[in-house]
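What follows is one structure encoded as structure tokens, with my remarks underneath.
The values are calculated or read from the model by the stated rules, or taken from the named source; none is laboratory data. Small disclaimer: the values here were computed from a predicted structure and weren't measured. Note that each Cβ is placed from the backbone with ideal geometry, even for glycine, and that neighbours are counted across all protein chains shown.
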Amino acid sequence: MHVACIMDGNGRWAGRRGLPRTDGHTEGEENLARLVRVAVTRDIGWLTVFGFSTENWVRPRAEVRHILGLHHRLFGRLDELNELNVRVQWIGRPFDDPQARTPKYIQRAIRRAIADTAQNTGMLLTVAFDYGARQELIDAVRRVRGDGLDVTPAAIAEHLYLPELPPVDVLVRTSGELRVSNFLLWQSAGAAIHFTDTTWPDFDGAELDAALALVT
Ligand code: FPP
């Protein structure tokens, strides 16, 4: 089972409490850590989350810096992830792409998390960082053509950023936004969608079970 989450509504969670938006993101990262603990107890082999999009760089600089810090923290939770037997992956624009802006300290944290959890055999947690589905598809088509192949569905699937990522079974979008996003567009063809008004920091095990109920 592959569950993919668009973790929306951190800003609104904070706003309702009279807190700065950054506090909402902090709580969003905490909640992701909590949800991973729950997810490993369910029949979920793959959990993929939208941490930072190719479009998110235009947010105010302080907010971007804060979200980057939270990724550093998440990728640094190695004791926890190893205890849960969770393997970490990353999906996004390659670091050597001329347009990529991922700072070196995040690159290092990502590489280290992947290496230090590579031996785990449980759930695969994939974090999308500097990710955009359209860019992924453009890159895939370019690579297919670069390899001198015909542009077919199979060829594109094999040239995505993470070709081994299975199709998404359930796509979750929190915070009452009834729309798709620039997230896993190829991989989500045919996925069930769980929309919920709950903001991401409040998305809990019961919500996850409601999403899973769509496909089990
Ligand atoms: C949407 O909330 C969420 C994001 C822009 C990014 C998701 C980031 C987190 C959940 C924090 C940490 C996550 C990781 C993986 C370290 P929003 O700001 O769009 O909320 P709003 O729509 O209410 O303004």
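Here is the figure for segment 72-107: residues that are acidic (Asp, Glu) and farther than 25 Å from ILE138 by Cα total 3. Is it true that GLY190 is within 14 Å of the ligand (Cβ to nearest atom), part of a loop (DSSP other than H, G, I, E, B) and at pLDDT 95 or above? When the stated conditions are applied, GLY190 does not pass them. Of all residues in segment 146-173, those that are surrounded by 10 or more Cβ atoms within 10 Å (Cβ to Cβ) have Cβ atoms under 7 Å from Cβ atoms of residues that are β-branched (Val, Ile, Thr) and part of a helix (DSSP H, G or I), 6 or more apart or on another chain, in VAL151/VAL141; VAL151/VAL144; ALA155/VAL144; ILE156/VAL141; ILE156/VAL144; HIS159/VAL144. Exactly one residue out of VAL64, VAL88 is within 12 Å of the ligand (Cβ to nearest atom), under 19 Å from TYR131 (Cβ atoms), part of a strand (DSSP E or B) and aliphatic (A, V, I, L, M): that is VAL88. When we screen ARG173, ARG179 for residues that are of a type outside the set (A, V, I, L, M, F, W, C) and touching a Phe, Trp or Tyr at 6+ places or on another chain (Cβ under 8 Å), the only hit is ARG173. Here HIS71 meets the list (1) over 22 Å from THR22 (Cβ atoms); (2) touching a residue at least 12 places away in the same chain (Cβ under 8 Å); (3) not hydrophobic (A, V, I, L, M, F, W, C) almost entirely, failing just condition (1).
Run down TRP46, TRP13, TRP57 and say which single residue is within 9 Å of the ligand (Cβ to nearest atom) and among the aromatic types (Phe, Trp, Tyr).
Details: TRP46 fails: within 9 Å of the ligand (Cβ to nearest atom); TRP57 fails: within 9 Å of the ligand (Cβ to nearest atom).
So the residue among TRP46, TRP13, TRP57 that is within 9 Å of the ligand (Cβ to nearest atom) and among the aromatic types (Phe, Trp, Tyr) is TRP13.
Candidates in segment 16-43 are the residues that are within 16 Å of the chain's Cα centre (by Cα) and among the small types (Gly, Ala, Ser); of these, the one that is farthest from the ligand (Cβ to nearest atom) is ALA39.
Going by the structure shown, is GLY76 more than 18 Å from the chain's Cα centre (by Cα), within 30 Å of ASP43 (Cβ to Cβ) and within 12 Å of the ligand (Cβ to nearest atom)? It would help to see each step written out before you state the result.
Working: more than 18 Å from the chain's Cα centre (by Cα): no; within 30 Å of ASP43 (Cβ to Cβ): yes; within 12 Å of the ligand (Cβ to nearest atom): yes.
No, not satisfied.
Out of LEU208, LEU171, LEU184, LEU178, which single residue is assigned to a strand (DSSP E or B) and within 16 Å of the ligand (Cβ to nearest atom)?
Details: LEU208 fails: assigned to a strand (DSSP E or B); LEU184 fails: assigned to a strand (DSSP E or B); LEU178 fails: assigned to a strand (DSSP E or B).
None of the other options fit; the residue is LEU171.
Counting only residues that are of a type in the set (Lys, Arg) and outside any helix (DSSP H, G or I), segment 10-61 holds 3 of them.
For TYR105, the conditions (1) assigned to a loop (DSSP other than H, G, I, E, B); (2) hydroxyl-bearing (Ser, Thr, Tyr); (3) surrounded by fewer than 16 Cβ atoms within 10 Å (Cβ to Cβ) are fulfilled apart from (1).
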